[in-house]
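Worksheet: one structure, shown below.
What follows is calculated from the coordinates using simple rules that are stated; it is not laboratory data. All of these numbers come straight from a predicted model, not from anything done at the bench. Virtual Cβ from ideal backbone geometry, glycine too; neighbours counted across all protein chains shown.
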Amino acid sequence: MAVVDKQILGRTLMVKLSGELDLVTAESARLAIDGDLDEFSRVRNLVFDLTDVKFIDSSGLGMLLGRYKKINDRGGRMLAFGVQPVVQRVLEMAGMTKIMGIASSLDEALAHC
Amino acid sequence: MAVVDKQILGRTLMVKLSGELDLVTAESARLAIDGDLDEFSRVRNLVFDLTDVKFIDSSGLGMLLGRYKKINDRGGRMLAFGVQPVVQRVLEMAGMTKIMGIASSLDEALAHC
Amino acid sequence: MDVSTQLNTVKIEFPSRPENVAFARTAVAMFAAQMEFTLDDIDEIKVATSEAVSNAVIHGYKDQIGIVTVTVTLHSSHLEVVVKDEGVGIADIRQAMEPAFTTDPVQRMGLGLVFIREYMDEVDIHSEVGRGTELVMRKSPRTVGVEPAE
Amino acid sequence: MDVSTQLNTVKIEFPSRPENVAFARTAVAMFAAQMEFTLDDIDEIKVATSEAVSNAVIHGYKDQIGIVTVTVTLHSSHLEVVVKDEGVGIADIRQAMEPAFTTDPVQRMGLGLVFIREYMDEVDIHSEVGRGTELVMRKSPRTVGVEPAE
Ligand SMILES: Nc1ncnc2c1ncn2[C@@H]1O[C@H](COP(=O)(O)OP(=O)(O)O)[C@@H](O)[C@H]1O
Ligand SMILES: Nc1ncnc2c1ncn2[C@@H]1O[C@H](COP(=O)(O)OP(=O)(O)O)[C@@H](O)[C@H]1O
């Protein structure tokens with residue numbers, strides 16, 4: 001499982017992912033996150049803890065982009081912290097860092113929500 | 001390379017091995033150790049630091065047994081310390097622990113030389 | 001498999017199950033580590049392999065299970081990774097290569113081949129509709145250039 | 001390769017170079033990790049695979065380079081690892097199985113097949129002199145037995 005922890009703080013859903021984010025794990029993360037977004041309509045923002053994510057490919061990116069669209073539709077913000085260099089490069093190449101805020105810590109991420 | 005460090009202390013050759021001890025790395029360890037045994041005829045004892053050895057198969061065991069024979073011919077002792085459980089099980093199964101002393105630290109190993 | 005030369009090579013064959021994508025990219029990265037690649041290079045090879053094998057699984061075989069073959073060969077100056085499926089094939093390779101082009105816009109971003117071209121030095125696609133697709137990727141270790149050629 | 005059933009399987013083919021033994025055992029361990037094996041079990045599978053592939057390299061092909069094929073299949077209740085070479089073959093399989101028997105007493109201990117039998121649940125050897133050897137190894141995850149059968 002890619003999602004190792006989920007928590008809702010006010011209007012922000014925090015999701016901790018772990019391992020390698022590819023077509024298998026992205027799909028399981030998508031299901032877990034969308035389940036919460038459907039259930040808790042008060043959630044506006046999404047914060048990813050990517051500290052333990054060591055790999056991401058375009059399937060993983062697709063999952064992030066899909067969640068961004070949902071959050072954007074709700075007028076919220078999406079951020080990530082703990083982004084490893086190898087993941088950062090892929091996010092940048094795909095232009096993902098232009099729409100998803102990159103924070104250096106959970107506190108910084110929450111401050112932007 | 002399997003041999004990451006070698007040191008001679010009096011009549012004892014200390015060899016630190018690392019990684020996986022199989023047919024490739026056992027051969028490179030054999031060459032390195034036998035080179036020293038040939039060069040330094042005063043060496044009687046052999047102490048292996050196996051702290052960083054995470055795998056051993058019968059090729060690795062063969063290397064240890066061959067060195068034991070040389071040391072035994074010189075009237076010396078052979079010991080190992082830092083033996084990981086996975087390595088310990090293979091050594092025991094092959095009866096290697098009956099001829100090679102297992103110490104809990106370098107000091108304990110040297111005390112038996 | 002040609003073993004007459006001094007090159008090392010491995011061929012890996014598996015059914016097109018999504019869970020084998022992780023196995024394939026890790027195995028390729030492990031084999032590639034025999035060459036003088038930097039860790040960044042290895043990460044790039046891993047991403048490119050992941051994209052290529054995901055494409056064989058998702059697009060090549062769609063809802064069916066077929067065989068994916070990954071061949072890794074160490075040449076003197078470069079690594080070659082070939083990912084082959086016997087799936088539906090690609091009708092228009094030029095279009096498939098375009099950034100953001102995908103035949104599955106609901107689920108996919110059309111970035112797989114973009115990543116592959118970005119991370120590998122050379123990419124060739126051979127494909128025939130109804131017969132399958134072969135993706136050939138090459139990458140050389142970055143020459144550090146500390147020693148001049150003799 | 002049979003993909004008609006729900007089993008997962010991988011076939012790995014490589015030249016009999018010593019450096020490929022490490023690749024093969026790591027790949028097999030990685031694939032085996034899809035089943036509910038303990039870490040100890042995985043270590044044992046790794047040792048057994050290392051012995052079998054080393055035998056193909058050292059004994060099967062001696063000083064020549066030939067192809068080694070390793071096939072890993074996940075069955076519902078057990079893992080199967082098949083290591084195949086097209087090398088010299090074994091004249092007397094019973095003798096080869098004996099502890100401490102080796103045709104290379106200077107360098108080898110004759111413990112490879114002992115380890116394989118100790119660490120795997122079942123071992124079959126098919127061999128023909130001049131044609132090659134196929135070693136079939138099977139192992140089931142240890143049933144933990146915390147829950148009674150319903
Ligand atoms: N192995 C393949 N078999 C069939 N079609 C493929 C294959 N690889 C790529 N394609 C086609 O090329 C398109 C673009 O691929 P890609 O850039 O990887 O993006 P994505 O996977 O996100 O669709 C795919 O949508 C698909 O139509
Ligand atoms: N793949 C093989 N091809 C040919 N002979 C083999 C093969 N595997 C094993 N043997 C024979 O069986 C003997 C015993 O093997 P093993 O128990 O692994 O010990 P060792 O490798 O130390 O000799 C070998 O010495 C060899 O003669």
Name the chain A residue with the Cβ nearest the axis that maps A onto B: which is it, and what is the distance in angstrom?
-> A:LYS54, 10
Set Lys and Arg Cβ to +1 and Asp and Glu Cβ to -1, take the dipole of the protein assembly as shown about its Cα centre, and tell me which of D:HIS78, A:HIS112, C:SER77 lies farthest positive.
-> A:HIS112
Summing Lys, Arg as +1 and Asp, Glu as -1, what charge do residues with Cβ under 13 Å from the Cβ of A:LEU106 carry, A:LEU106 excluded?
-> -3
Antiparallel content of DSSP bridges confined to the protein assembly as shown, in %, to 5 = 70 percent
1/(1 + (r/R0)^6) with r = Cβ-Cβ of D:ARG94 and C:GLU19, R0 = 56 Å, i.e. FRET efficiency to nearest 0.05, evaluates to 0.90
Could you give the distance between the Cα centres of the stretch A:1-61 and the stretch D:50-87, to the whole Å?
-> 41 Å
Picking from D:VAL28, D:ILE58, D:PRO99, whose Cα lies most toward the positive end of the charge dipole for chain D (charges on Cβ: Lys, Arg +1; Asp, Glu -1)?
-> D:ILE58
Here FRET efficiency (C-beta to C-beta, C:LYS62 to B:GLN84, R₀ 60 Å, nearest 0.05) is 0.85
Env charge @ C:VAL114, Cβ radius under 14 Å, K,R +1 / D,E -1, value -2
Just from its helices, what would the mean residue ellipticity at 222 nm be for chain A, if runs of 4 or more DSSP H residues each count -39500 (n - 2.57) and the sum is divided by every residue, rounded to the nearest 500 deg cm²/dmol?
-> -13000 deg cm²/dmol
Ranked by Cβ crowding within 10 angstrom, fewest neighbours first, how are D:ILE58, C:ILE45, A:ILE8 ordered?
-> A:ILE8, D:ILE58, C:ILE45
Sort B:ASP36, B:ASP107, B:ASP22 so the one with the fewest other Cβ atoms within 10 Å of its own Cβ comes first.
-> B:ASP107, B:ASP36, B:ASP22
Global form of chain D, assessed from the alpha-carbon gyration tensor, a/c cut-off 1.5 = prolate
Suppose R0 equals 35 Å; then what is the FRET efficiency for A:ASP38 and C:HIS126 from their Cβ-Cβ distance, rounded to the nearest 0.05?
-> 0.20
The stretch C:1-87: C-alpha gyration tensor shape, a/c 1.5 cut-off, then a/b vs b/c = oblate
Under 28 Å Cα-Cα from B:LYS16, which lysines qualify once same-chain neighbours fewer than 8 residues away are excluded?
-> B:LYS6, B:LYS54, B:LYS69, B:LYS70, B:LYS98, D:LYS46
Using label points projected 7 Å from each Cα along Cα→Cβ, tell me how many nm separate B:THR97 and B:LYS69, to one decimal.
-> 2.5 nm
Over chain A, what relative contact order in percent results from Cα pairs under 8 Å that are six or more residues apart?
-> 25 percent
The relative contact order of the stretch D:12-53, taking Cα pairs under 8 Å that sit 6 or more residues apart, comes to a percentage of 47 percent
Can you list the lysines whose alpha carbon sits under 16 Å from that of D:LYS62, skipping same-chain ones fewer than 8 residues off?
-> D:LYS84
Which order do D:THR73, D:THR143 fall in if you start with the one that has the fewest other Cβ atoms within 10 Å?
-> D:THR143, D:THR73
What is the spin-label model distance, in nm, from C:ARG117 to B:VAL4 if the labels are put 7 Å beyond Cα along the C-beta direction?
-> 4.3 nm
If we hang a label 7 Å off Cα along the beta carbon direction at A:LYS98, how far is it from the matching labels on the other copies, in nm, shortest first?
-> 7.3
Cα gyration tensor shape for the stretch A:55-109, rounded if a/c is under 1.5, else prolate or oblate | oblate
